[in-house]
1. Quick one: P5 ticks every box in (1) out of contact with any Ser or Thr (no Cβ under 9 Å at 6 or more places or on another chain); (2) free of Cβ contacts under 8 Å to residues at least 24 places away in the same chain except a single one, so which number is it?
2. Give all pairs with beta carbons closer than 6 Å in which a residue from the range 143-159 that is under 12 Å from W109 (Cα atoms) meets a residue that is near the ligand (Cβ under 7 Å from one of its atoms) and not hydroxyl-bearing (S, T, Y); count only pairs at least 6 apart in sequence or on separate chains.
3. So, of the residues in the range 97-123 that are surrounded by 15 or more Cβ atoms within 10 Å (Cβ to Cβ) and away from the ligand (no atom under 15 Å from the Cβ), which turns out to be nearest to I150 (Cα to Cα)?
4. Taking the condition exposed (fewer than 11 other Cβ atoms within 10 Å of the Cβ) and under 30 Å from S156 (Cα atoms), does G91 pass?
5. Any idea which of (1) surrounded by 12 or more Cβ atoms within 10 Å (Cβ to Cβ); (2) more than 16 Å from the ligand (Cβ to nearest atom); (3) of a type in the set (S, T, Y); (4) modelled with pLDDT of 90 or more is the one S81 doesn't satisfy?
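The values are calculated or read from the model by the stated rules, or taken from the named source; none is laboratory data. Everything numeric here is computed off the predicted structure, so don't read it as measured data. Counting neighbours? That spans all protein chains shown, and the Cβs are built from the backbone with ideal geometry, glycine included.
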Amino acid sequence: MEPNPIQKLSESLKTTRDKLKEIVAHTLSDDKVPLSDILDDLYTANYLIGDIHAIYQKIGEEKQDALKKLIESENWETTQSEYDLKKLRLGVRVFAPNESCKYPKGKHWLCANCFENRQKSILQLQKGISGRVGLSAAFTPFLLCPRCQIKLDIDSEDFQDYNSA
Ligand SMILES: [Zn+2]
């Protein structure tokens, strides 16, 4: 188990203080202890302080990361509260803005697939062959997610609805 950083720091500071006292005493007396021995101990204590400083810096960075994640998560909470799940006529589900939505672009739907992964991706209205099975190759409207590339079939009413905005 790692020694408690505060305890280590406190011990290092105590050693430093003791060694400084010894240096002063050594200077003032005829002490036979070589000054270099005292200095070595002083340096060791100071290296320990350096280590502690690095540990604290690391803890600080980890706290910053945690704070950043918290802010991102809170931002997402806000985004989430601005959209409601909406079922389109063909059973396709999208996220539609509610009255509290502050996104300025007017009517838009978000990809439910990306929304689940905490990503806001605006579906693009397309008209063409969506790859729907069992239908003739008629040009049908669909929504395309530019992020996950999912294609969502919609009917002409939904198309009008989305297009009219
Ligand atoms: Zn998507």
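1. For P5, the exception is condition (2).
2. Sorted first by the residue in the range 143-159, then by its partner, the pairs are C145/C111.
3. Here the answer is P97.
4. yes
5. (1)
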